[in-house]
Amino acid sequence: MKKMIFGNAAKISRRKFMVSSAAAGGGLALGMNLPFLSDAHAQRAGTGTEINIWVVVRPNDTCVIRIARSEMGQGTLTGLAQLVAEELDCDWKKVTTEGLTPGRNLASKRAWGNMSTGGSQGIRQSQDYVRRGGAAARMMLLQAAADLWQVPVAEVTVDKGIVKHGPTFRQIGYGKVAAAAAKLPPPDPKTIKLKDPKDWKIAGKPLKRLDTAAKLNGSKIYAIDVKLPGMLNAAIKDSPVFGGKLKSFDEAKIAKMPGVKKVVRVKDSAIAVVAETWWQAKTALDALPVVWDEGPNASQSSATIAEFIKAGLTSEQTNGEIKKGDALAAIAGAAKKVEATYSTPFLSHACMEVNNATVKLSADMAELWVPTQNLEASLAALSEESGIPLNKCEVHRHDLGGGFGRRGGTQDYVRQAVVIAKEFPGTPVKLIWSREEDQAHDFFRPISQCKATAALDAQGNLTGMHIRLSGQSINAWLNPAGVVNGKDRRQLQGFWEEPHDAQIGYTVANSLIEYTMRNTHVPVGPWRGVNTNQNGVYMECFMEEIARAAGKDSLEFRRALMKNHPKHLAVLNAAAEKGNWGKPLPAGQYRGIAQFMGYGSYSAATAEVSVSPQGKLKVHRMVLALNCGHAVNPDQIAAQVEGSVAYGLSATLYGDCPVEKGRMTSLNFDSYEIMKIAEMPKVETVIVPTYDFWGGVGEPTICVVAPAVLNAVFAATGKPVRSLPLKDIKLV
Amino acid sequence: MAKLNINGRVRDANVPNDTPLLWFIREQVGLTGTKYGCGVAQCGACSVHINGEVQRSCSIRVGDIKATDKIVTIEGLSATTSHPVQQAWAALDVPQCGYCQSGQIMAAAALLAKTKKPTDSDIDQAMTNICRCGTYQRIRAAVHLAAEGRSALNRASKARS
């Protein structure tokens, strides 16, 4: 790429670059996509010039940064824009974003990569290629300025989108060189050097979100708000008993109700009413006589499920184990044995925006408006269910009113909406679930129990630990390929020995951690933090019981087991320090502590609580420490940590989805209670990034919220809490 | 036929009397800033002002509203997103997903209209809206900030721009 030094370097044709880049396996999207730079794309970016697939520059120096991942409140949009803008060296005040659609990604051979937004991967999985996109665009813009001035590019600098040539006091904005830059070949990927985070000026800073304004005045259009000409609305009811079937319904009874257009059978288990407005559709659906074939699951209840799972605590067969030394022998020979059995319930996601999907099917085109964490999965569901080829399908992007894992791969509501829309060719139909339907037909956080046994020697050292988990498998329900030879490693999340993602932070000489799969008839799926939630409670509440049985300080006992895990330990220490561990508290207040790992990041927390003589719990203050490797926007990380406290504490205090007669019974917020502002503790976030890895942010900290609080309750009452939620437990 | 005054404009409510105000606002008037969250007056996403009082529009029938009642939705709170509550929300980057925030803002605005300097306890009593993203800590701080007045708002806006 020598020629590039003085410009006019168009020796490598775009097509050739694409082929060579793909052949080298570099997969650098900006090169691979060049052949697809159509006029249509340029138009969509307004009057701007596309420098590469991530960056469009407008004549007024505005930089449009393209975003592939979904935004559901977690701040990924702003964080990704910061990373690109950092490498682009543009003016942050002139940054705007453009959301990509999956149809466009597909047409460009997935140039923008994976669009799935789950597992706290939005930033950590795409940071490298989006930063490279920003850096490559900067190099091209600088080269274009150097060419214009006929000076070596090495003499050219840039600050906030203004390119300067110091020796001749010349300067020019990105907007004025964009057209020339776009004609240059992209730089050789090997010549792209990403900045050291120490030099970051935009990334790493607590900048404000880019997407706040429309959330303050009602102007933001979520998918549920979509209005299309001639649009009809649908309300739906799926068999209340999971696995049940729709037997019959009496359409005549509601046919003459206001606005009603049609009653539609949706697959074999659901019924929908389509009307002019949603309120008409829902009113008619509520009045529609429906007979269900409830099937064999109607005999299931919380009690039968609990018994079924309990049996897994002592079963012979297991579905995954992590073994070191001989835990059972150590326990048999222990000076002191500690034992406890724990349980956690099913939980729904309860996103504030209920599931909805608007579908318009024409003879040769399918369109979808939907809140989704996986735009490409939505596109695939639209195509499969409609029978219209993928390249004739498109999903219109809408930021989500919450996601929390509910709206990833399953796409159940999209499929329903397509079935309904098939009855109205050419007419858009919006399906909205009622809150009751949303609570009845979630993919719930899996139910589980845990039996834990520990061995202490005469000096109170932990010499052996046996943890047996029994519960439902997410993989078995949603991803059977994830269960390999009957083993399901995912359910042991947080106990893994391997570093980097969800590693256990303790070294115990003799340790046996096992999982027994007990699948119920209730659909399960990922729920913010996924299995680190339950496993964090089990590990850290049990560690507290062990420490107390050993007569040792909760923090010191943990520290002694964490010498081989310096990153876990550093985060625990950070939480302890900021949380004033060991220092006096106001009368009646007690502290708890916990640490655990998930989603590539290290988390720890302290909680300060009081329990009134009547048994009323108040959480006063929590300190959460997080090492997520790179901190892209500290203020948004703090927002995610604060949010994880609310989501985690709400589950701890109230969360439960009981099953009766095979169906869910907590169908709205009157029974599925959600924590409110009065119960929100003061949250302090300590970010201790070490900049030697990229971890997640949205999910990691939730796993320490419940155990820190429960351990503080233990300190307050002298009694361990072994089942959730707390509303069902008498604390004193 | 009922007549409804929404954001200063009187409209005919050509719907059955038992239609919830929320769905009239969303589907007939076409103002979608007021959100459906639960339909049973639990979550507050549908909060609007009726004669200055914050009310949950999902549980109020159109037929129970008088033509003289003044209904204000989030779209009518200010012409230029300039209400102190909106400015405080912006200054502290309160929203995450944003879905519940119309209701939160309407609840906060109604609180401040009555209680110029609310205490934490006042906020606990008045702000009973659900937020699943968990923005409660910032909501509390933003209510206090809005109560402090323009100069504090301006300082806070500049501090993090």
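Things worth noting here:
- Selection status of residue B:78, closer than 27 Å to residue B:151 by Cα, more than 7 Å from chain A (Cβ to nearest Cβ) and among the small types (Gly, Ala, Ser): yes
- Set A:661, A:676: member being surrounded by fewer than 24 Cβ atoms within 10 Å (Cβ to Cβ), without any contact (Cβ under 8 Å) to a residue 24 or more places away in the chain and in the same structural domain as residue A:495 (by TED's automatic domain parsing): A:676
- Residues of the stretch A:538-560 satisfying the condition of being under 15 Å from residue A:605 (Cα atoms) and buried (at least 18 other Cβ atoms within 10 Å of the Cβ): A:539, A:540, A:541, A:543, A:544, A:554, A:555, A:558
- Output for the stretch B:83-119, where each listed residue is of a type in the set (A, V, I, L, M, F, W, C) and assigned to a loop (DSSP other than H, G, I, E, B): B:92, B:94, B:97, B:100
- Count of the stretch A:269-304 residues, restricted to those that are crowded, with 21+ Cβ neighbours inside 10 Å and under 15 Å from residue A:518 (Cβ atoms), is 1.
- Residues considered: A:245, A:227. Of these, the only one that is closer than 20 Å to residue A:417 by Cα and free of Cβ contacts under 8 Å to residues at least 12 places away in the same chain is A:227.
- The stretch B:130-161, subset facing another protein chain (nearest Cβ under 9 Å) and modelled with pLDDT under 95, residue farthest from residue A:637 (Cα to Cα): B:161
- Taken as a whole, the stretch B:26-39 holds no residue that is in contact with a Ser or Thr (Cβ under 8 Å, 6 or more places away or on another chain), crowded, with 22+ Cβ neighbours inside 10 Å and away from every other protein chain (no Cβ under 11 Å).
- Selection within the stretch A:398-413 - surrounded by fewer than 24 Cβ atoms within 10 Å (Cβ to Cβ) and more than 14 Å from chain B (Cβ to nearest Cβ): A:408, A:409, A:410, A:412
- Extreme residue, farthest from residue A:208 (Cα to Cα), among residues of the stretch B:130-161 that are assigned to a helix (DSSP H, G or I) and among the hydroxyl-bearing types (Ser, Thr, Tyr): B:151
- Here is the figure for the stretch A:47-97: residues that are in a loop (DSSP other than H, G, I, E, B) and β-branched (Val, Ile, Thr) total 3.
One line per residue, one yes/no per condition, for (1) in contact with a strand residue (DSSP E or B) (Cβ under 7 Å, 6 or more places away or on another chain); (2) free of Cβ contacts under 8 Å to residues at least 60 places away in the same chain; (3) part of a helix (DSSP H, G or I):
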{"site": "A:359", "(1), (2), (3)": "yes, no, no"}
{"site": "A:378", "(1), (2), (3)": "yes, no, yes"}
{"site": "A:381", "(1), (2), (3)": "no, yes, yes"}
{"site": "A:385", "(1), (2), (3)": "no, yes, yes"}
{"site": "A:391", "(1), (2), (3)": "no, no, yes"}
{"site": "A:400", "(1), (2), (3)": "no, no, no"}
{"site": "A:403", "(1), (2), (3)": "no, no, no"}
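- Summed over the stretch B:83-103, the residues that are within 15 Å of the chain's Cα centre (by Cα), more than 9 Å from chain A (Cβ to nearest Cβ) and surrounded by 24 or more Cβ atoms within 10 Å (Cβ to Cβ) give a count of 2.
- Answer residue from the stretch B:104-129, given it is in contact with a strand residue (DSSP E or B) (Cβ under 6 Å, 6 or more places away or on another chain) and more than 18 Å from residue A:680 (Cα to Cα) and is nearest to the other protein chains (Cβ to nearest Cβ) among those: B:106
- Test: residue in the stretch A:287-300 that is hydrophobic (A, V, I, L, M, F, W, C), part of a strand (DSSP E or B) and touching a helix residue (DSSP H, G or I) at 6+ places or on another chain (Cβ under 7 Å): no
- Some residue of the stretch A:630-647 being in a loop (DSSP other than H, G, I, E, B), more than 14 Å from chain B (Cβ to nearest Cβ) and out of contact with any helix residue (DSSP H, G or I) (no Cβ under 7 Å at 6 or more places or on another chain): no
- Helices (runs of 4 or more DSSP H) contained entirely in the stretch A:100-185, each with at least 1 residues that are touching a Leu at 6+ places or on another chain (Cβ under 6 Å), buried (at least 22 other Cβ atoms within 10 Å of the Cβ) and without any contact (Cβ under 8 Å) to a residue 60 or more places away in the chain: A:127-149, A:174-183
- Considering the stretch A:414-443, and only residues there that are part of a loop (DSSP other than H, G, I, E, B) and within 14 Å of chain B (Cβ to nearest Cβ), the residue that is nearest to the chain's Cα centre (by Cα) turns out to be A:442.
- Some residue of the stretch A:327-347 being within 14 Å of chain B (Cβ to nearest Cβ) and either in contact with a strand residue (DSSP E or B) (Cβ under 9 Å, 6 or more places away or on another chain) or without any contact (Cβ under 8 Å) to a residue 24 or more places away in the chain (or both): yes
- Residues of the stretch A:679-703 that turn out to be more than 9 Å from every other protein chain (Cβ to nearest Cβ), surrounded by 22 or more Cβ atoms within 10 Å (Cβ to Cβ) and not polar (S, T, N, Q), as a count: 8
- Which numbered condition residue A:366 fails, given (1) in contact (Cβ under 8 Å) with a residue 60 or more places away in the chain; (2) over 30 Å from residue B:39 (Cα atoms); (3) not in a loop (DSSP other than H, G, I, E, B): (1)
The values are calculated or read from the model by the stated rules, or taken from the named source; none is laboratory data. Being a predicted model, the structure only gives us computed values, none of them experimental. Every residue, glycine among them, receives a Cβ derived from its backbone with ideal geometry; neighbour counts consider all protein chains shown.
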